[in-house]
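Quick notes on the structure that follows.
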Amino acid sequence: MIAQDDILAAIASVELHRFRGTNCVACCLTLLNGHNVVGLAFCHDPEDFNFATGTNIARQNAEDKVAELLACERRGSISPRTGGLQ
């Protein structure tokens, strides 16, 4: 299991963005190695849109992807060319 502290320690910076004229929020996490991970959040009803809620959901989605990357990294390479999973 990947701890929340491990996820946060892998993040170098965070950018949040609401696309103009939409109910879509994106969170881009830049990891320490320079890799970018993006999480998205959507609200179907414009009347219910809340930027804070959207950014929280988008960030959580991005952090979930970071956790997957960290879990993969802990298992070793996944490329057959480097002796990983086959």
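What follows is calculated from the coordinates using simple rules that are stated; it is not laboratory data. All of these numbers come straight from a predicted model, not from anything done at the bench. Here the Cβ positions follow ideal geometry from the backbone for every residue, glycine too, while neighbour counts run over all protein chains shown.
Remark: the chain projects, on average over all directions, an area of 7.1 nm² (convex hull of Cα atoms).
Can you tell me the relative contact order of the chain? Whole percent, Cα pairs under 8 Å, sequence separation 6 or more. Could the numbers behind the result be given before it?
Values: 122 pairs, mean separation 20.2, N = 86.
Across the chain, relative contact order equals 23 percent.
Computed from the C-beta positions of R18 and D64, the FRET efficiency with R₀ = 22 Å rounds to 0.60. Of the chymotrypsin sites (Phe, Trp or Tyr not before Pro) found in the range 1-82, those that fall in a DSSP loop while having at most 10 other beta-carbon atoms within 10 Å are F19. Largest mean-square fluctuation among E73, E47, E15, in a Gaussian network model of the chain whose springs join Cα atoms under 10 Å apart, belongs to E47.
Sort C28, C72 so that the residue with the fewest other Cβ atoms within 10 Å of its own Cβ comes first and the one with the most comes last.
On the way: C28 16, C72 13.
With the fewest neighbours first, C28, C72 line up as C72, C28.
Helix-only arithmetic for the chain: the sum of -39500 (n - 2.57) across DSSP H runs with n ≥ 4, divided by the residue total, places the mean residue ellipticity at 222 nm at -12000 deg cm²/dmol. Taking other residues whose beta carbon is less than 13 angstrom from the beta carbon of L70, and scoring Lys, Arg as +1 and Asp, Glu as -1, yields -3.
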